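*Asks:* Take a look at the following structure, please.
We did not get these values from a lab; they are worked out from the coordinates using the rules stated. Since the model is a prediction, treat every value here as computed from it, not as a measurement. All Cβ positions, glycine included, derive from the backbone under ideal geometry; neighbour counts span all protein chains shown.
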């Protein structure tokens, strides 16, 4: 957007009234590209065209295409919400969250008797069959048909049925595992089979609770008239429904009817997952993938508006994984659509919180399948983003640690994790130049300063030091963070920076800020990843420090007459340090492979002159 056009639009925005309303952004061709609502039109719209605004990439693209905007003033915020939903549904602007509702309808087909079959179809036909539906979800229909066929042991194979005559066919495997009554062999009368079909239809149309009650009543009646064979068959069907319920307990909810909605964000896109519960059971699930979202709180509100605008069923409770903008207004609007009260809740503990976590993990898995990543790492990065309040998912993380011996031979290591996995080609190691005397804070400042100087020199490459991380972690507490933040300010960078704090057993305990700590052991995925990062950087720093010390010790030994690289390595392998070599007797030195008496005596003379050497 040119400066002149931006100035013109801002002047127009500053003239808007401080009243509730809806604003409509248009491009150069006059097409509507975004519709939003505002409590105060002037404040909201002027933010888009203000100087120095830090917009996300999506908003920046939208604003750059705005040529003009219109607005509609209403009486209150609720009217603005209703009007916004109506206009978005009518115009479907490019930059609003839009749900593609192109799934079509699905039906359950019951073929004509005798020996009816239950199948899922996408269209009805004038073929004498009975059709149950329509249903929006293919998943729901297929799951229901599979359950009914298994519980009532109906035929699902392509074998010709016997139509009441005993055939010579052997029953298939489904019969032997009690999932088919084998009508293809003529072992069941058409009337008895049709009774099963009617019970299956009752199960599909009235639910398992009603079916269980009816089957139990009929089983008790059969037992009272001593028809134990019929009672046993009914008992088996009851047990089949109970077994099905046992398998689904992992996704059972004590709230009979609700939707659980969770958001997961990847590097380039985001996914909303919806779990729909009816009769306390998970009956349907849906996923919706979008480009990068502007703000989680706003995105949830927009998603709820769009999702329930196109849904006939609105549950009394909508369980979400985070804050929702204008929650009271949305509850009022949803209540009007449903003709009863609707609550939007965000659980923190218990069964509902576990359902939300499961929903979020499934959303993350859906993103990772598209990106070819691991769902575990995506969930961990999403937890870290939420835990630290980051605007974007930290897909590129750098972590630093210092290692030295009593202030001498100080070194540092930098490890890099990309998409939750080590990127070893980007690891770097530093020799601390300044004489620090054990000052870890000064060492960390030096390392970060050198790293960011490298960025200023190579930022055009966008690789290695030319790439800035999404998150910087330091192996240390509040002091490390506080001492390192001025380095960021010196370079004018706003990279999130935190510390990793260990407990007395050297395990990751918390995330350090400059003024406090965040406990992480209650966030399993984030805890596991952060612990791995801290262990990796610690190993790298210790390894480099040991290499430097061995190199220094080896150099000292090479100054001894008669000691070459082979003998120096053998001495270090045998004694481990210069201190132990200096303390060894001539006889002990002679036990080293390849050692001679003149060389051993030279070592003793040389090291005895190094008074005060403490390595």
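*Asks:* Before anything else, pin down the relative contact order of the range 559-608: Cα pairs under 8 Å, at least 6 apart, normalised by residue count, whole percent. Kindly include the intermediate steps, with their values, before the conclusion.
*Replies:* Details: 34 pairs, mean separation 23.2, N = 50.
Reported as a whole number, the value is 46 percent.
*Asks:* If you take the square roots of the eigenvalues of the alpha-carbon gyration tensor of the range 388-523 and sort them as a ≥ b ≥ c, do you get rounded (a/c under 1.5), prolate (a/b over b/c) or oblate? Numbers along the way, then the final one.
*Replies:* Values: a/c = 1.45, a/b = 1.03, b/c = 1.41.
Rounded, since a/c falls under 1.5.
*Asks:* With no solvent and one equal point scatterer per Cα, compute the Debye intensity ratio I(q)/I(0) for the range 559-608 at 0.18, 0.31, 0.32 Å⁻¹ and report its log10, rounded to two decimals.
*Replies:* Debye curve over Cα of the range 559-608, log10 I(q)/I(0) at q = 0.18, 0.31, 0.32 Å⁻¹: -0.43, -1.58, -1.70.
*Asks:* Compute and list, largest first, the equivalent-ellipsoid semi-axes of the range 454-546 from the alpha carbon gyration tensor, each √(5λ) rounded to a whole angstrom. Provide the component values of the computation, followed by the final result.
*Replies:* Numbers: eigenvalues 122, 56, 35 Å².
Whole-Å semi-axes of the equivalent ellipsoid: 25, 17, 13.
*Asks:* Moving on. Measuring from centroid to centroid over Cα atoms, what is the spacing of the range 259-278 and the range 9-53 in Å?
*Replies:* First find each Cα centre; the distance between them is then 29 Å.
*Asks:* Assuming a ≥ b ≥ c are the square roots of the Cα gyration tensor eigenvalues, decide whether the range 16-72 counts as rounded (a/c under 1.5), prolate (otherwise, with a/b larger than b/c) or oblate.
*Replies:* Values: a/c = 2.03, a/b = 1.16, b/c = 1.74.
Judged from the Cα gyration tensor, the range 16-72 comes out oblate (a/c at least 1.5, b/c at or above a/b).
*Asks:* Another one. Can you figure out the FRET efficiency of residue 68 with residue 583, using R₀ = 60 Å and their beta-carbon distance, to the nearest 0.05? Show your work: numbers first, answer last.
*Replies:* On the way: r = 86 Å, r/R0 = 1.43.
Plugging the Cβ-Cβ distance into 1/(1 + (r/R0)^6) gives 0.10.
*Asks:* Pairs of alpha-carbon atoms within less than 8 angstrom and 6+ residues apart define the contacts here; what relative contact order does the range 3-91 have, in percent?
*Replies:* On the way: 134 pairs, mean separation 33.9, N = 89.
It rounds to 38 percent for the range 3-91.
*Asks:* How far apart, in nanometres, would the label points at residue 597 and residue 519 be if each is projected 7 angstrom from Cα along the Cα-to-Cβ direction?
*Replies:* Output for this residue pair reads 6.9 nm.
*Asks:* In addition: Does the range 258-372 classify as rounded, prolate or oblate by the C-alpha gyration tensor (a ≥ b ≥ c root eigenvalues; a/c under 1.5 gives rounded; else a/b over b/c gives prolate, otherwise oblate)?
*Replies:* Details: a/c = 1.70, a/b = 1.37, b/c = 1.25.
It is prolate, given that a/c is not under 1.5 and a/b is the larger ratio.
*Asks:* With 10 Å bins from zero, work out the P(r) of the chain over every alpha carbon pair and list the percent per bin.
*Replies:* P(r) over the chain, rounded to whole percents: 3, 12, 16, 16, 16, 12, 9, 8, 5, 2, 0.
*Asks:* Once you keep just the Cα pairs under 8 angstrom separated by 6 or more residues, what percentage relative contact order results for the chain? Could the numbers behind the result be given before it?
*Replies:* Values: 1008 pairs, mean separation 43.1, N = 615.
Reported relative contact order: 7 percent.
*Asks:* I'd like the per residue volume of the convex hull spanned by the Cα atoms of the range 304-416, given in cubic angstrom.
*Replies:* On the way: hull volume 18.8 nm³, N = 113.
Output value, Cα hull per residue: 167 Å³.
*Asks:* How much length, in nm to one decimal, is gained on full extension between residue 279 and residue 463, taken as 0.36 nm per residue of separation minus their Cα-Cα distance?
*Replies:* 60.9 nm
*Asks:* Hey, can you rank 18-24, 355-361 by average C-beta count inside 10 Å, highest first?
*Replies:* 355-361, 18-24
*Asks:* Separate question: Hey, can you rank 487-497, 144-154 by average C-beta count inside 10 Å, highest first?
*Replies:* On the way: 487-497: 14.0, 144-154: 21.2.
The packing order, highest mean first, is 144-154, 487-497.
*Asks:* Under the 0.36 nm per residue contour assumption, what length would be gained going from the current alpha-carbon distance of residue 12 and residue 55 to full extension? Intermediate results must be reported in sequence, preceding the final value.
*Replies:* Numbers: separation 43, 0.36 × 43 = 15.48 nm, distance 1.97 nm.
My answer for the length gained is 13.5 nm.
*Asks:* Right, here's the next one. Sort the following peptides by mean Cβ neighbour count (other Cβ atoms within 10 Å, averaged over residues), highest first: 457-467, 58-68.
*Replies:* On the way: 457-467: 12.3, 58-68: 16.3.
Per-residue mean Cβ counts within 10 Å order the peptides as 58-68, 457-467.
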